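The numbers here are math on the coordinates, done by the rules we state, and not lab data. This is a predicted model, so every value here is computed, not measured. Virtual Cβ from ideal backbone geometry, glycine too; neighbours counted across all protein chains shown.
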Amino acid sequence: MSEDLLRYDLMIEAALRDVVRETLSTVAQNGLPGEHHFYITFLTNFPGVEIPDNLRKQYPEEMTIVLQYQFFGLKLEDDFFSVTLSFNNIKERLRIPVEAITTFADPSVNFALQFQSGQADEEEGEEGDAEDMGVNDDGESGDKPKGKGRKDTKDKDKKDEKRGEVISLDMFRKK
């Protein structure tokens, strides 16, 4: 098999990140339509991620936020988005580079994308803890962590069923 000198894997990943950018831009301008809502998982130690110290300490590697009921000031720039969420009834501003996102899901339409980040390539083979922020019983997003969703494979299987087909770009990567 010939060597992929064009790096289609990187082109596809960039195009899929543009889907996330366009989605966030639309929601920033018009709000969430219908039943749409997003689970966004990102690397908290990725360069450019700005989150409060207490959240970074609680989620040193990866964190999932939910944009559904209570989020404020969603703003998209070229390389990052920022949003204000409530954590334990305290509003906190987060700034997240699009490149830091590892998963973007909209369970309302069974849609999900999974990305590899630059840091994931360096840490290949290591599996980090994914701690999830979810919607609590009162319908408020971001107030209570759901737990360590990726340590228990049963929980992961249930999540994958809800998220739909995850597009993994590993098949396109050089090994």
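Using θ = phi - 60° and the Karplus curve 6.51 cos²θ - 1.76 cosθ + 1.60, what whole-Hz ³J(HN,Hα) does each residue of segment 21-32 get, with Gly and Pro shown as x?
4, 5, 4, 5, 4, 4, 5, 4, 7, 10, x, 7
With each pseudo-label sitting 7 Å past Cα toward Cβ, what's the residue 86-residue 26 distance in nm, one decimal?
Those two pseudo-labels are separated by 2.7 nm.
If you wrap a convex hull around the Cα atoms of segment 14-108, how much volume per residue is inside, in Å³?
Enclosed volume per residue, from the Cα hull, is 94 Å³.
Which order, highest average first, do 4-11, 108-115, 17-24 follow once you tally other Cβ atoms within 10 Å for each residue and take the mean per peptide? Please list the in-between numbers first.
Values: 4-11: 11.5, 108-115: 17.0, 17-24: 15.4.
The most tightly packed comes first, giving 108-115, 17-24, 4-11.
Under 5 Å between amide H atoms, partner at least 5 residues away or on a different chain: which partners does residue 87 have, H built in plane at 1.01 Å?
Hits under the 5 Å cutoff: 92.
Assuming R0 = 35 Å, what is the FRET efficiency of residue 3 and residue 78, from their Cβ-Cβ distance, to the nearest 0.05?
0.65
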